[in-house]
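What follows is a single structure, written as structure tokens, with notes after it.
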Amino acid sequence: MTSSPAVTDRRRGGADAHVVVGGASGIGAAVVESERSAGVTVVVLDVAGDHDVKCDVTDPASVDGAVGET
């Protein structure tokens, strides 16, 4: 699978940021590590662990609050 030029540019540290929901552990944490090592700005939303913004995706008010913080 090949990436589009837009995706490739962002992975090289463009102005955009990636948001990873559930990025404090498991596969999400691996994605965060990979993206950050590629120079991408990453914001981690999670309810536990090492997150940038606490967010419970099962609670609409929590999601609204997280969007307001980012």
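The values are calculated or read from the model by the stated rules, or taken from the named source; none is laboratory data. On a predicted model such as this, the values are computed, not experimentally measured, just so you know. Reconstructed Cβ throughout: ideal geometry from the backbone, glycine too, with neighbour counts over all protein chains shown. Quick note on the areas: whole protein, heavy atoms, side chains included, nothing else; ligands and nucleic acids left out. Shrake-Rupley method; radii C 1.70, N 1.55, O 1.52, S 1.80 Å.
Right, residue 11: open to solvent by 80 Å² or more (accessible area, probe 1.4 Å), modelled with pLDDT of 90 or more and under 14 Å from the mean Cα position of the chain (by Cα) or not? Explain how you work it out, then say what you get.
Values: open to solvent by 80 Å² or more (accessible area, probe 1.4 Å): yes; modelled with pLDDT of 90 or more: no; under 14 Å from the mean Cα position of the chain (by Cα): yes.
Considered against the rule, which asks whether it is open to solvent by 80 Å² or more (accessible area, probe 1.4 Å), modelled with pLDDT of 90 or more and under 14 Å from the mean Cα position of the chain (by Cα), residue 11 comes out as no.
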If we keep only residues of the stretch 54-70 that are outside any helix (DSSP H, G or I) and among the hydrophobic types (A, V, I, L, M, F, W, C), then the residue least open to solvent (accessible area, probe 1.4 Å) is 55
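Restricting to the stretch 34-48, name every residue that is under 9 Å from residue 23 (Cα atoms) and not β-branched (Val, Ile, Thr). Before you say what the answer is, go through the steps one by one.
Residues of the stretch 34-48 that are under 9 Å from residue 23 (Cα atoms), as a first pass: 43-46.
Within the stretch 34-48, 45, 46 qualify.
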Per the filter on the stretch 19-53, residues open to solvent by 30 Å² or more (accessible area, probe 1.4 Å), in contact with a Leu (Cβ under 8 Å, 6 or more places away or on another chain) and assigned to a strand (DSSP E or B) are 19, 21
